[in-house]
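A short reminder: the numbers here are calculations on the coordinates, not readings from a lab. Everything numeric in this text was worked out from a predicted model, so none of it was measured. Cβ coordinates were reconstructed from backbone atoms using ideal geometry, including for glycine residues, and neighbour counts include every protein chain displayed.
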Amino acid sequence: MKTQLTSKPLAVAFALSLTLSGQSPAQTVSTTALSATNQVAIKQAKPNNMENQAAQTVKTFLTAVQKGDQATLGALIHPTITWNQPGSNRFSGKKRSNMEVFQMVGDMFEASANTLQLTDIKQLTVNGNKVACLIHWKAVQPGGGVLDVDNIDVYTIEDGKIVEATIYSENVAQEDAFWGK
């Protein structure tokens, strides 16, 4: 039976989890179609200690983002982090240190009149020391620009710190228009 993924973000998250694993779907993930609701449930093997630590680090990080907990954020982002931000806007590109990441985020808050919010953590998927997250961002600019977008963030964890982040936007054009050049 062929299972169709009807939710675009879920389909992308599922594809990312398979890509991260480097293994065939049968080896890493089993899917079950729920015919009455046309949804897909994803069941994974029990995580090991490294996966538990990676998942906990990212959960703590995302909660700190939601609360604006600067001390926790500073403790979880490695000083030499590589952060890959998508698009063709003024914040796009590779950041190569925690200071560059903090500067980018500060500038994002300024550009959004401090309205930028991580409003939802929809799903976390773990494979080894990598965690893929389906999350939702919202912001409104004083001039009326609106950001309302799902992202898939993939974090790499080493020794309890985020050493790499790659961000995938559901709507890069919306982000580019919102953030500008």
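One table, with the values for the structure above:
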{"quantity": "Nonlocal amide H pairs with residue 123, under 5 Å, H built at 1.01 Å", "calculated": "134"}
{"quantity": "Mean-position separation - Cα centroids, the range 44-97 and the range 130-170, in angstrom", "calculated": "9 Å"}
{"quantity": "Rounded D (µm²/s) - the range 49-179, Kirkwood Rh over Cα pairs, Stokes-Einstein at 37 °C, 0.692 mPa s", "calculated": "221 µm²/s"}
{"quantity": "Ranked by how many other beta carbons lie within 10 Å on average, peptides 100-110, 48-58 from highest", "calculated": "48-58, 100-110"}
{"quantity": "Whole-number percent relative contact order across the range 49-179, with pairs defined as alpha carbons under 8 Å at least 6 apart", "calculated": "27 percent"}
